[in-house]
Structures are given as structure tokens and as C-alpha cells.
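What follows is a single structure, written as C-alpha cells, with notes after it.
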Amino acid sequence: QVQLVESGGGLVQAGGSLRLSCAASGRTFSSYVVGWFRQAPGKEREFVAGISWSGSNTYYADSVKGRFTISRDNVKNTVYLQMNSLKPEDTALYYCAARSTGPSSSHDDYNYWGQGTQVAVSS
């Protein structure tokens, strides 16, 4: 069982940066693949970034590639999403999610979810 808690969201101007954190409970967190997803009002939840259990493999949606960086610290049981050059279209509720098998960009494949943290980017 894994419990996830996101933090770090807020209001920022376009071009600014935020760092989201996903803190996990559970001694086996280091064996889980973690993904970040986001959902804007009236839109479906979409994949943003993912990271393997070791942190050696990362993958991104095309819309954030080159601007966002996902990383993890398995000692602290935390996954981060560094978001730079933010745009108004990045405004959404951001969720982290975990799964015990291989990487996936489909939200249906993730077993554990946090409650989300809101990101708002003003123009």
C-alpha cells in the first residue's frame, strides 16, 4: 500500500517556475514507477511525466518536454516535478500516481493516487 501527498502548487506568472513534490508513505516506494498527471477544468486527465523506480529512466509528454523535469529521492520517498517556463495552458490540478509494474502514460494503469495540487499560471 502506498499513500501519496502532493504539494508545491500555487499561482505563478507565465514564464515562471514551480517545483511540485509527491511525498509517499510505504517502505517499498522505491520499487514503484511514479507518474505526474494533470487535469484542467472540462478536460480529461493527461499524462505529464514519469520516472522509473531507480530514477534512471524518465519520460515526458511532448507538451512539457524541455520545460519540466521529473526526479526522485528514494531515501526521502519523494518524487519532484520541476516546472520551468510555465504557460497559461499548464494551469491544472496536478496529481502524482504510482504503480508497481513497468512505466505507463495511461492513468488507468496506476493504482495509487494523491489528492492533487493546484497550479495556476497567469498571462
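The values are calculated or read from the model by the stated rules, or taken from the named source; none is laboratory data. The structure presented is a predicted model; accordingly, all values stated were derived computationally and were not measured. Virtual Cβ from ideal backbone geometry, glycine too; neighbours counted across all protein chains shown. Calculation scope for accessible area: heavy atoms of the full protein, side chains included, ligands and nucleic acids excluded. Shrake-Rupley method; radii C 1.70, N 1.55, O 1.52, S 1.80 Å.
Here are a few things to note about the model shown:
- In segment 18-58, the residues that are in contact with a Ser or Thr (Cβ under 7 Å, 6 or more places away or on another chain), closer than 19 Å to Ser104 by Cα and not small (Gly, Ala, Ser): Cys22, Tyr32, Val33, Phe47, Ile51, Trp53
- Of all the listed residues (Arg27, Arg45), the sole one being touching a residue at least 40 places away in the same chain (Cβ under 8 Å), within 22 Å of Gln3 (Cα to Cα) and open to solvent by 40 Å² or more (accessible area, probe 1.4 Å) is Arg45.
- Total residues in segment 73-98, condition modelled with pLDDT of 95 or more, farther than 15 Å from Ser7 by Cβ and either open to solvent by 30 Å² or more (accessible area, probe 1.4 Å) or among the charged types (D, E, K, R) (or both): 7
- Residue check for Val48: outside any loop (DSSP other than H, G, I, E, B) and either within 20 Å of Gly116 (Cβ to Cβ) or β-branched (Val, Ile, Thr) (or both): yes
- Within segment 4-46, being of a type in the set (A, V, I, L, M, F, W, C) and out of contact with any strand residue (DSSP E or B) (no Cβ under 6 Å at 6 or more places or on another chain) holds for one residue alone: Phe29.
- Leading residue by the ranking (surrounded by the fewest Cβ atoms within 10 Å (Cβ to Cβ)) among those in segment 110-123 that are within 17 Å of Phe29 (Cα to Cα) and of a type outside the set (A, V, I, L, M, F, W, C): Asn111
- For the residues Tyr80, Tyr95, Tyr59, the requirement of being touching a residue at least 12 places away in the same chain (Cβ under 8 Å), in a strand (DSSP E or B), among the hydroxyl-bearing types (Ser, Thr, Tyr) and in contact with a His (Cβ under 9 Å, 6 or more places away or on another chain) singles out Tyr95.
- For Gly66, the criteria (1) at positive phi; (2) modelled with pLDDT under 95 hold in every case but one, which is (2).
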